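Chemist: Take a look at the following structure, please.
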Amino acid sequence: MTDSSIPTGNPRAGPPDPGRHDPVELGALALGVLDSDRTRAVEAHLASCASCRRDLEDLIAVTDLLGEVPPEALLDGPPDSDLVLRRTLRQMRSETAARRRRRLPRLVAAAAAVVALLAGGVAIGRATAPEPVVVTAAGPQAGAVVLQGEGVPGVSMTAVVSPAAGWVRVSTNVRGIRAGERCEVVVLTRSGLGEVAASWLTSARGEREGTQVDGAAIVAPDDVAGVAVRSESGEEFVVLRA
Amino acid sequence: MPDEALVHAVYREHGRAMLAYATRLLGDGAAAEDVVQEALIRAWRHPEVLTNGKGSIRGWLLTVIRNLVTDRVRARAARPTEVVETPGTSAVERDHADQVVTSVTVLEALEGLSDDHRGVLDQIYFQGRSLGEAASVLGIPAGTVKSRTYYALQAMRRSLSRDGGLGMEGTA
Ligand SMILES: [Zn+2]
């Protein structure tokens, strides 16, 4: 289909004959945007042209159907704010966590046993994606837990969670998140909520070699369900569950 | 987390339309945000609808929003203490199933148009601009706007008669 004017049956150049057959103006007429001079001319033509009358009827039927579409339907892109997205992702995470808890009480118990074992400083082995493995209770901090694993392709993290009185320290090393991303370390609670422990802006070097970010969050040590890294807009890069 | 990626993609592509639509129907930004959140959660629970074409995903999302808004307005009306007529209420009252089917089909037809054709219909029909105004917004001559509206409506007509069921069959 072309947008250039179509032959109108009147090859003569010069001012348009008001009575000529030119269906191209019927669209503007159906939409009510044809100027009054042209409207009069086209209407005069319609009186003697059955083909244009049918054409116009069809086009008016189409514009009626357009009325069923809310004008907002043509807006593209995201809203100005990510607020609703963040809230939605939070709800999804908490529902997913709730389902997982209902489904896997045994696994949670097993993980707790591993953590207990680690208090003695035993190394279990390397993590493989996507299931994180508690590796070792490194460092001087008694009861510290080390989580290591991978998230979205290319992203990996090591997180050390050290208990304090009613809160935790978190020491993370995150690699593979593309430079320029505004990231947050989030401590996940058992009820599916998250507490931001730190935020940073990823550098090119951080993307390649890893970024060391330390923080803290008011989450009771025994309420820690895991550690996640997200973008400020809520995109999840890696989640390691304790 | 493929689920989250999916919801991200939906938000990036349709979030603006969803929020603007809900805001107009409810006349209340905070309530509109709640409704959009709920619609996104439904999309998350029904990922199968997200495998359709863009126009039909958009139509589905806006339909979900309209239904959620209708529920809210009804619930509000059922509690006499909270009967607060918002400017958007009347827009919801003409809600019925036929209309929903129609708007999804029409959206799909719009989506099937070339950008040029959709652009003139957007300007003229949805933004309510004149030929001259649309011409200067789009940076093309008014005569071109005029002919494009004709070809765009013709393309819509063909697409809608092909789909049938909208009273457009037999009109070709
Ligand atoms: Zn004619």
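Chemist: Please verify whether A:A47 is modelled with pLDDT under 95 and either within 16 Å of the ligand (Cβ to nearest atom) or basic (K, R) (or both), treating the condition exactly as stated.
Modeler: In short, yes.
Chemist: Is it the case that the range B:45-53 has a residue that's facing chain A (nearest Cβ under 10 Å) and either buried (at least 20 other Cβ atoms within 10 Å of the Cβ) or closer than 13 Å to B:L25 by Cβ (or both)?
Modeler: No, the range B:45-53 contains no residue that is facing chain A (nearest Cβ under 10 Å) and either buried (at least 20 other Cβ atoms within 10 Å of the Cβ) or closer than 13 Å to B:L25 by Cβ (or both).
Chemist: Out of all the residues in the range A:52-97, which are within 16 Å of the ligand (Cβ to nearest atom) and open to solvent by 60 Å² or more (accessible area, probe 1.4 Å)?
Modeler: A:R53, A:R54, A:E57, A:I60, listed by residue number.
Chemist: Starting from the range A:38-51, keep only residues that are open to solvent by 50 Å² or more (accessible area, probe 1.4 Å), then list their pairs with residues that are within 11 Å of the ligand (Cβ to nearest atom) whose Cβ atoms are within a distance under 9 Å, requiring at least 6 positions of separation or different chains.
Modeler: A:A44/A:G19; A:A47/A:R53; A:S48/A:G19; A:S51/A:H21; A:S51/A:P23
The values are calculated or read from the model by the stated rules, or taken from the named source; none is laboratory data. A quick note: this is a predicted structure, and the numbers were derived from the prediction, not measured. Please note: Cβ atoms are built from the backbone with ideal geometry, for glycine as well, and neighbour counts cover all protein chains shown. Heavy atoms of the whole protein, side chains included, go into the accessibility calculation; ligands, DNA and RNA do not. Shrake-Rupley method; radii C 1.70, N 1.55, O 1.52, S 1.80 Å.
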